[in-house]
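**Q** I have a structure here, written as structure tokens, and I will follow up with some questions on it.
The values are calculated or read from the model by the stated rules, or taken from the named source; none is laboratory data. Fair warning: this is a prediction, and the values are worked out from it, not measured in the lab. Neighbour counts are summed over all protein chains in view; Cβ atoms, including those assigned to glycine, are modelled from backbone coordinates with ideal geometry. To get the accessible areas, we keep the full protein, side chains included, count just its heavy atoms, and leave off ligands, DNA and RNA. Shrake-Rupley method; radii C 1.70, N 1.55, O 1.52, S 1.80 Å.
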Amino acid sequence: MSDKKINVEKKEKKGLGLSTKIFIALIVGALAGVAIHYALPDSNFKNEVLIEGIFYVIGQGFIRLMQMLVVPLVFCSLVCGSMAIGDTKTLGKVGVKTICFYIATTALAVVIALTVANIIDPGIGLDMDSVEKAEMTTTAEDTDMVETLLNIIPKNPIGAMANGDMLPIILFALFVGIMLAKLGNKADVVASFFSQFNDVMMEMTMAIMKVAPIGVFCLIARTFANLGFSAFQPMLKYMGSVVLALVLQCFVVYQVLLFIFTRLNPLKFIKKFLPVMGFAFSTATSNATIPMSIDTLDKKMGVSKRISSFTVPLGATINMDGTSIMQGVAVIFIAQAYGIDLTIGNLATVVLTATLASIGTAGVPSVGLITLAMVLNSVGLPTEGIALIMGIDRILDMIRTAVNITGDAVCTTIVSHQEGALDKKVFNEA
Ligand code: ASP
């Protein structure tokens, strides 16, 4: 017993050490970036060697290492998860509950965003000439609803994996897992292959996480060294509105929901999940955060991988509350900046389209700006308005990605609790 305890304590210490290191990296990286931006004169060394050389290569290298794991990890852990659940009824129940939760929180997020923006009025009195307009690189995407739905069924699962298309991968993995459960002993070699391969992926995740502080430092330092802080000035009201709505969603809405449904301590949840938020913040990529999220939920919160292997990748794809918040505020901001009045009907349309926009879009940097075009189109606002917010979007992208993945984790914890797949002892451990 004592050996086991020592092992657990050792692991905890290691875990805590890593979380702290990630935080130090975040703060030092931000400070270093700002210092480089202001104190170092423009030179080849600053721009080519430091920012676009060392920081870029190490930062992107780290993101790629994490991305490398996403498809095999999601596939194997989902096969194992659905195999463990076994019956399609329970799986269906988990699926329906999760999707309803995701859609409801996203709609609520847009309502919060619209309310906050209507109170702060970020676009009123905006001096358009003072805004650094970025060159428009986004265009409204024509998305055919029927095709989008059909695309969930992969014509070729290997092709879906090669492209990293999350929804078809999820569908195929669920199917394989259910069939493995049905076949039982007849397919135990395949079943143990997936289960062992899953262990290998989790070990790789932990190995890569060891270098996370260095990766996070380089990503943050590069972003802050490149940020045009002067561009913030005229946009402060817009940025403040987005951040306020994000904070409300993350630290009020989610935590209230968590408490109501599970009676778990929200502060403990936030404390344990903060390193994952820090990781999402520095990478601005929900997808790359999947392995760390599943690992943290499993080891620190006692959430069974049976549930998280399904709900976390699903959430990274269809649940983007932070992104919808940015879109809600952006709609009001752009309407006010162009002096266009929005009716209540328009606002309801925004809630609907921003919620839909959050579904079926991959969790990668800046994708929210692309789907924003669709939301603006739905209420007849000029898509050129996106140019106004593009210049300062990177920093908001980082914050909203942290919120996006927190929404997935809260839902996962709630659903796990309801399915009896949450070990409260692990959650409550210091
Ligand atoms: N970067 C966000 C994510 O990965 C998506 C976005 O808002 O652009 O979740």
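**Q** Among the residues of region 303-320, write down those that are of a type in the set (Val, Ile, Thr) and outside any helix (DSSP H, G or I).
**A** Here is the first cut: in region 303-320, the ones of a type in the set (Val, Ile, Thr) are 303, 307, 311-312, 317-318.
Correct list: Val303 only.
**Q** Looking at region 347-368, I want the residues that are closer than 18 Å to Pro168 by Cα and at pLDDT below 85 and have a partner that is within 13 Å of the ligand (Cβ to nearest atom) and open to solvent by 50 Å² or more (accessible area, probe 1.4 Å) with Cβ atoms under 9 Å, at least 6 apart or on another chain. Which pairs are those?
**A** Once the first residue is closer than 18 Å to Pro168 by Cα and at pLDDT below 85 and sits in region 347-368, its partners that are within 13 Å of the ligand (Cβ to nearest atom) and open to solvent by 50 Å² or more (accessible area, probe 1.4 Å) give Thr361/Ile370.
**Q** OK, next. Is it the case that Leu347 is in a helix (DSSP H, G or I) and more than 13 Å from the ligand (Cβ to nearest atom)?
**A** Working: in a helix (DSSP H, G or I): yes; more than 13 Å from the ligand (Cβ to nearest atom): yes.
Yes: the conditions hold for Leu347.
**Q** Now, a different point. Restrict the check to region 54-75 and report whether at least one residue is open to solvent by 10 Å² or more (accessible area, probe 1.4 Å) and under 15 Å from Asp199 (Cβ atoms).
**A** Checked against the condition, which is being open to solvent by 10 Å² or more (accessible area, probe 1.4 Å) and under 15 Å from Asp199 (Cβ atoms), region 54-75 yields at least one hit.
**Q** Can you give me the number of residues within region 264-295 that are at pLDDT 95 or above, part of a helix (DSSP H, G or I) and over 14 Å from the mean Cα position of the chain (by Cα)?
**A** Matching residues across region 264-295 total 5.
**Q** Considering Thr355, Thr323, which residue is under 27 Å from Ile153 (Cα atoms), part of a helix (DSSP H, G or I), touching a Lys or Arg at 6+ places or on another chain (Cβ under 8 Å) and within 16 Å of the ligand (Cβ to nearest atom)?
**A** Values: Thr355 fails: touching a Lys or Arg at 6+ places or on another chain (Cβ under 8 Å).
Testing whether each residue is under 27 Å from Ile153 (Cα atoms), part of a helix (DSSP H, G or I), touching a Lys or Arg at 6+ places or on another chain (Cβ under 8 Å) and within 16 Å of the ligand (Cβ to nearest atom) leaves just Thr323.
**Q** Looking at Gly363 and the list (1) closer than 18 Å to Thr105 by Cα; (2) outside any loop (DSSP other than H, G, I, E, B), which single condition is not satisfied?
**A** (2)
**Q** With the requirement that a residue be hydrophobic (A, V, I, L, M, F, W, C) and within 12 Å of the ligand (Cβ to nearest atom), what does region 280-304 give you?
**A** Residues of region 280-304 hydrophobic (A, V, I, L, M, F, W, C): 280-281, 284, 288, 290, 292, 294, 297, 301, 303.
The answer is Ala280, Phe281, Ala284, Ala288, Ile290.
**Q** Another one. Of all residues in region 210-246, which are of a type outside the set (A, V, I, L, M, F, W, C) and assigned to a loop (DSSP other than H, G, I, E, B)? Spell out the reasoning first.
**A** We begin by selecting, within region 210-246, every residue of a type outside the set (A, V, I, L, M, F, W, C); these are 210, 213, 215, 222-223, 226, 228, 230, 233-234, 237-238, 240-241.
Selection gives Lys210, Gly228.
**Q** Might you check whether a residue that is over 30 Å from Lys97 (Cβ atoms), within 12 Å of the ligand (Cβ to nearest atom) and open to solvent by 10 Å² or more (accessible area, probe 1.4 Å) occurs anywhere in region 326-335?
**A** Initially, region 326-335 is screened for residues over 30 Å from Lys97 (Cβ atoms), giving 330, 332-335.
From what is left, the residues that are within 12 Å of the ligand (Cβ to nearest atom) are 330.
Add one more test, that the residue is open to solvent by 10 Å² or more (accessible area, probe 1.4 Å), and what stays is none.
No, region 326-335 contains no residue that is over 30 Å from Lys97 (Cβ atoms), within 12 Å of the ligand (Cβ to nearest atom) and open to solvent by 10 Å² or more (accessible area, probe 1.4 Å).
**Q** Shifting gears a bit: Can you work out which of the residues in region 193-209 that are open to solvent by 50 Å² or more (accessible area, probe 1.4 Å) and in contact (Cβ under 8 Å) with a residue 12 or more places away in the chain is nearest to Val79 (Cα to Cα)?
**A** Phe197
**Q** In the set Ala109, Ala104, which member is without any contact (Cβ under 8 Å) to a residue 40 or more places away in the chain, of a type in the set (A, V, I, L, M) and in a helix (DSSP H, G or I)?
**A** Details: Ala109 fails: without any contact (Cβ under 8 Å) to a residue 40 or more places away in the chain.
Matching residue, one of Ala109, Ala104: Ala104.
**Q** If you scan region 336-347, which residues turn out to be open to solvent by 40 Å² or more (accessible area, probe 1.4 Å), of a type outside the set (Ser, Thr, Tyr) and closer than 15 Å to Ala387 by Cβ?
**A** Listed by number, the list is empty, since nothing qualifies.
**Q** Which condition number does Val375 fail, the rest of (1) free of Cβ contacts under 8 Å to residues at least 60 places away in the same chain; (2) at positive phi being met?
**A** (2)
**Q** Can I ask one more? For region 243-255, check the following and say yes or no: at least one residue is hydroxyl-bearing (Ser, Thr, Tyr), surrounded by 16 or more Cβ atoms within 10 Å (Cβ to Cβ) and modelled with pLDDT of 90 or more. Break it down stepwise before answering.
**A** Pass one, region 243-255, residues hydroxyl-bearing (Ser, Thr, Tyr): 254.
Checking the rest, the ones that are also surrounded by 16 or more Cβ atoms within 10 Å (Cβ to Cβ) come to 254.
When the remaining residues are screened for being modelled with pLDDT of 90 or more, the result is 254.
The answer is yes; a qualifying residue exists.
**Q** Something else now. Looking only at region 150-183, how many residues end up being farther than 13 Å from Cys76 by Cβ and among the β-branched types (Val, Ile, Thr)?
**A** Selection size over region 150-183: 4.
**Q** Give region 228-242 a look and list any residue that's open to solvent by less than 10 Å² (accessible area, probe 1.4 Å) and either within 23 Å of Ile36 (Cβ to Cβ) or acidic (Asp, Glu) (or both), or say none.
**A** Step one: list which residues in region 228-242 are open to solvent by less than 10 Å² (accessible area, probe 1.4 Å), which gives 235, 238, 241-242.
Within region 228-242, just Met235 meets the criteria.
**Q** Can I ask one more? Of the residues that sit in region 373-402 and are open to solvent by less than 10 Å² (accessible area, probe 1.4 Å) and among the β-branched types (Val, Ile, Thr), which one is nearest to the ligand (Cβ to nearest atom)?
**A** So the residue we want is Thr401.
**Q** Can you name the number of the only condition in (1) surrounded by 24 or more Cβ atoms within 10 Å (Cβ to Cβ); (2) under 21 Å from Glu429 (Cα atoms) that Thr289 fails?
**A** Among (1) surrounded by 24 or more Cβ atoms within 10 Å (Cβ to Cβ); (2) under 21 Å from Glu429 (Cα atoms), the lone unmet condition for Thr289 is (2).
**Q** Now for a separate question. Which of (1) more than 16 Å from Glu419 (Cβ to Cβ); (2) open to solvent by 10 Å² or more (accessible area, probe 1.4 Å) is the odd one out, the single condition Ala84 does not satisfy?
**A** (1)
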